[in-house]
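**Student:** This is the structure, below, for whatever I ask next.
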Amino acid sequence: MAVLVLIGCAGAVACSAPGPKLEPSPAPPPPRLAIQPLTWEKLGDLEMWLDGPGPAHYPDQRVEAELLLAEGRLTFAKQDRATLPSATLARRIASAEFGFRRALADGDASTMQRHRASRGLDEARTLRAPKPVESSAPRAAVKPRATWGARAAVGSRLTRQTRRWTRITVHHSAPPNALSSTAGPAVYHDEIRRIQRYHMDQTTPRCGDIGYHFLIDPKGAIYEGRELTWQGAHSSGANNRDNIGICVLGDFRYAPPTAAALESLERLLDELRAKYDIARDSRHVLGHGELKVTACPGTRLMEWVRRYRR
């Protein structure tokens with residue numbers, strides 16, 4: 001009996017003895033999307049790799065994997081933009097932006113990887129912007145200076161524009177007397193001449209021409225003001241640099257501009273932004289009051305500017 005007990009104990013000891021330690025298999029490297037067709041399956045594999053042990057086993061490939069995932073998501077968002085519900089598109093763009101920002105903030109990212117992340121963010125912002133509505137209406141027609149009887153500009157008081165335009169500022173004229181929306185062109189031409197006289201004869205220092213580059217009357221007619229050859233004089237000092245000035249005729253502190261004036265303003269902004277590659281945001285499309293303390297362009301027109309930027 002004693003022998004049996006000893007054998008049983010020996011057997012128990014033998015069974016509980018530790019065997020050789022098994023190392024876990026290393027995680028596979030991330031899919032190389034740069035040389036493989038882009039599919040949702042590959043993006044899924046990348047997500048699983050990043051969420052699993054992959055970055056711990058291959059830390060030198062973590063940033064590249066995050067960039068590949070963000071670029072893949074952005075590519076599919078661009079491909080499917082026309083058919084996706086707006087909420088779904090927004091989520092895809094947001095997930096891509098998240099990945100690009102992570103790569104930009106990562107201290108291990110190379111110069112080239114940072115460049116790719118920055119470029120990806122720019123593309124995502126462009127994709128997020130509202131898609132312009134195609135219109136059968138003609139492009140904004142700008143009436144030349146002769147239409148409103150402009151005085152000759154004084155070149156010695158003007159600053160030549162030598163760089164690319166980067167901003168646009170919207171103003172209202174705030175005339176001393178109410179400007180009727182049903183008046184004839186002669187009334188609006190007189191208002192533009194009044195502004196030019198004020199800018200050239202009464203400001204200190206005196207301007208070499210009307211300060212705005214474009215003016216819009218209540219019926220939607222767009223007029224050429226100061227030629228775009230010259231820097232404007234509409235936003236005070238350094239604020240005029242590379243800044244196109246547009247003035248909508250009227251006082252919009254309490255009443256909004258006419259629908260015709262706003263339609264022309266929108267078309268003109270769209271065309272200037274497209275021509276000079278100006279972004280549609282609060283740093284590049286502004287109301288005058290965002291640059292200095294002033295009631296211009298009026299509360300009601302400023303409301304429209306904010307909606308336009310959104």
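**Student:** Could you give the accessible area per residue of the chain, probe 1.4 Å, as a whole number in Å²? Can you show the working numbers first?
**Tutor:** Numbers: 17670 Å² over 310 residues.
That works out to 57 Å² for each residue.
**Student:** Measure out, as a whole number of angstrom, how far apart the alpha-carbon centroids of region 50-107 and region 137-212 sit.
**Tutor:** Taking the Cα centre of region 137-212 as reference, the centre of region 50-107 is 48 Å away.
**Student:** Also, I was wondering about something else. To the nearest 20 debye, what charge dipole does the chain have about its Cα centre, counting +1 at the Cβ of each Lys and Arg and -1 at the Cβ of each Asp and Glu? Don't skip to the answer; put the middle values down first.
**Tutor:** Details: 45 positive and 33 negative charges, 248 e Å.
It comes to approximately 1200 debye.
**Student:** Could you tell me what % of all Cα pairs in region 226-310 have separations over 18 Å?
**Tutor:** In whole percent, the long-distance tail amounts to 42.
**Student:** Follow-up question, since we're still on this one. Could I have the simple spin-label model distance between K219 and R206, label points 7 Å from Cα toward Cβ, reported in nm to one decimal?
**Tutor:** Output for this residue pair reads 3.3 nm.
**Student:** While we're on this one: Give the ranking of V305, V154 by solvent-accessible surface, highest area first, calculated with a 1.4 Å probe.
**Tutor:** The ranking, largest first, comes out as V154, V305.
**Student:** When averaged across all projection directions, what area in nm² does the alpha-carbon convex hull of region 51-99 cover?
**Tutor:** 3.5 nm²
**Student:** Which residue, chosen from A238, T204, G220, occupies the Cα position most advanced towards the positive end of the dipole of region 192-243, where the dipole is computed from +1 (Lys, Arg) and -1 (Asp, Glu) charges on Cβ about the Cα centre?
**Tutor:** Highest projection toward the positive end goes to T204.
**Student:** Calculate the spin-label point distance for L38 paired with E227, positioning each point 7 Å from the Cα along the beta-carbon direction, and give it in nanometres.
**Tutor:** Result for the modelled spin labels: 4.6 nm.
**Student:** Now, a different point. Calculate the spin-label point distance for L50 paired with A255, positioning each point 7 Å from the Cα along the beta-carbon direction, and give it in nanometres.
**Tutor:** 5.5 nm
**Student:** If you take the Cα Rg of the chain and divide it by 2.2 N^0.38 Å, with N the number of residues, what do you get?
**Tutor:** In units of the 2.2 N^0.38 Å rule of thumb, it is 1.64.
**Student:** Let me ask something else. Of the candidates V187, V248, V285, which one comes out as most mobile in a Gaussian network treatment of the chain with C-alpha springs shorter than 10 Å?
**Tutor:** In the Gaussian network model the winner is V187.
**Student:** What are the aspartates and glutamates whose alpha-carbon lies under 13 Å from the alpha-carbon of K219, with same-chain residues fewer than 8 places away excluded?
**Tutor:** Straight-distance partners of K219: E263.
**Student:** Turning to a different aspect of this structure: What is the percent carbon and sulfur in the accessible area of the chain, measuring with a 1.4 Å probe over the protein chains and ignoring ligands? Numbers along the way, then the final one.
**Tutor:** Working: 9750 of 17670 Å².
Exposed carbon and sulfur together represent 55 percent of the surface.
**Student:** Would you kindly calculate the mean projected area, averaged across all directions, of the convex hull enclosing the Cα atoms of region 95-247, in square nanometres?
**Tutor:** Seen from a random direction, the Cα hull of region 95-247 projects 13.6 nm² on average.
The values are calculated or read from the model by the stated rules, or taken from the named source; none is laboratory data. Here the structure is a predicted model, which means the values were calculated and not measured. Cβ atoms come from the backbone with ideal geometry, glycine included; neighbour counts cover every protein chain shown. To get the accessible areas, we keep the full protein, side chains included, count just its heavy atoms, and leave off ligands, DNA and RNA. Shrake-Rupley method; radii C 1.70, N 1.55, O 1.52, S 1.80 Å.
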